[in-house]
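Chemist: Provided herewith is a single structure, encoded as structure tokens, for subsequent inquiry.
The values are calculated or read from the model by the stated rules, or taken from the named source; none is laboratory data. Predicted, not measured: the structure shown is a model, and the values here were computed from it. Positions of Cβ are backbone-derived with ideal geometry, glycine not excepted, and every protein chain shown enters the neighbour counts. Side chains included, ligands, DNA and RNA excluded: accessible areas come from the protein's heavy atoms. Shrake-Rupley method; radii C 1.70, N 1.55, O 1.52, S 1.80 Å.
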Amino acid sequence: MSLDNNYIWFLMLFVNYSFITLAFRFFKKEGLFAWVILSSVLANIQVLKTVELFGFVTTLGNIIYGTSFLATDILGECYSKKEAKKAVWMGVFALVATTVVMQISLWFYPHSSDVIQGPLSAIFGIMPRIMVSSLTAYICSQHFDVWFYHRLKEKFPAKLWIRNNFSTMISQLLDNIIFTLMAFWGVFELEVLWQIFISTYLLKWVVAFLDTPVIYWAKNYHQRKVLNAKALV
């Protein structure tokens, strides 16, 4: 018996939060850099799949893409604005490199025994449009997120939940507007396009809200490690 999409979505949420927590726990900021790279690539593959969640037509990729904002927020909170911006550009590089390499891979003429050319073409053949749309949305929204996060940090230094949630939610709205129009305008009917826009933003909003305990844990964990390191000096 197959699982309901709604239950799978919550499972995906738990798995993504678990992995980003483990990445930071074992590899520190390098783990978050790796997660941003991974999420930028996987999100642009997952977004090609359209599903129904909670009664709405939507695309996948909202969870793992949302965690890339969580990763840059943790980097900005625990390290610096410079490290957060560095992660953004690493994600951009990873997406461009993946798209270019896979486009060249598709140029190879497959052997008669090959069975994967069709699926690869179906996934990566459409990726140039997705990449341009995603890069535009990603660069604009992530840079806004880093900037707005630190502006909120200046105004509300003791309110981590405010800067984490509001910076991500507003950045995700900007991202959603740019990406949905560039990637799917003319691909879906207007009614379906509107459903995708609303549903993807609502899901990203939920992801942003539910990641609050993760960033609090990350900050506390980082502070404990710093204090322990100073105590050993």
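Chemist: Once ligands and nucleic acids are excluded and a 1.4 Å probe is used, how much of V206 is accessible, expressed in Å² to the nearest 10?
Modeler: The value for V206 is about 50 Å².
Chemist: Between W89 and I162, what is the spin-label point distance in nm, taking each point 7 Å from the Cα along the Cα→C-beta axis?
Modeler: My value for the distance between the label points is 3.1 nm.
Chemist: For the range 164-233, what are the per-bin percents of Cα-Cα distances with bins 5 Å wide, up to the bin holding the maximum?
Modeler: In order of increasing distance, the bins hold 3, 15, 17, 14, 11, 9, 8, 7, 5, 4, 3, 1, 1 percent.
Chemist: Roughly what would the spin-label model give for N220 and I170, points 7 Å off Cα along C-beta, in nm?
Modeler: Taking the two extended label points, one gets 2.8 nm.
Chemist: Then there's this: Solvent-accessible area of K85, probe 1.4 Å, all protein chains present, reported in Å² to the nearest ten, please.
Modeler: The accessible area of K85 comes to roughly 80 Å².
Chemist: Considering only protein heavy atoms, with the full assembly of protein chains and a 1.4 angstrom probe, order F148, F166 by accessible area, largest first.
Modeler: F166, F148
Chemist: Using all Cα-Cα distances in the range 60-160, what percent lands in each 10 angstrom bin from 0 up to the longest?
Modeler: Whole-percent P(r) values from 0 Å outward: 13, 36, 25, 15, 8, 2, 0.
Chemist: Ok, one more. Quick one: in the range 1-138, what % of C-alpha pairs are over 27 Å apart?
Modeler: The answer is 31 percent, as a whole percent.
Chemist: While we're looking at this one, here's another question. Ignoring ligands, DNA and RNA, what percent of the accessible area of the range 155-233 is carbon or sulfur (1.4 Å)?
Modeler: Within the range 155-233, the accessible surface is 73 percent carbon and sulfur.
Chemist: At 1.4 Å probe size, put W35, W217, W205, W185 in order of accessible surface, largest to smallest.
Modeler: W185, W205, W217, W35
Chemist: Using Cα atoms only, what is the angle between the long axis of helix 212-232 and the major principal axis of the chain, expressed in degrees (0 to 90) to the nearest 10?
Modeler: Tilt relative to the chain: about 50 degrees.
Chemist: Per residue, what accessible area does the range 156-233 have, given a 1.4 Å probe and all protein chains present, in Å²?
Modeler: 56 Å²
Chemist: Here's another thing I want to ask about it. Could you work out how far helix 127-155 tilts from the main Cα principal axis of the chain, as a 0 to 90 degree angle to the nearest 10?
Modeler: So the inclination is approximately 20 degrees.
Chemist: Given the pairs K85/K155; K49/K159; K155/K225, which are separated by over 31 angstrom at their Cα positions?
Modeler: K49/K159
Chemist: Running a GNM on the chain with Cα contacts under 10 Å, which residue among N62, N220, N176 ends up with the highest mean-square fluctuation?
Modeler: Of the options given, N220 has the highest mean-square fluctuation.
Chemist: Take peptides 153-162, 91-100, 75-84 and line them up by average Cβ neighbours within 10 Å, highest first, as a rough protection proxy.
Modeler: 75-84, 91-100, 153-162
Chemist: Can you send over the solvent-accessible area of M90, 1.4 Å probe, protein chains only, in Å² to the nearest 10?
Modeler: 50 Å²
Chemist: Kirkwood Rh over Cα pairs of the range 108-221 into Stokes-Einstein at 25 °C, 0.890 mPa s: D in µm²/s?
Modeler: Value of D from the Cα-based Kirkwood radius: 149 µm²/s.
Chemist: Using a 1.4 angstrom probe with every protein chain in place, what is the largest-first accessible-area order of F144, F69?
Modeler: These residues rank, largest area first, as F144, F69.
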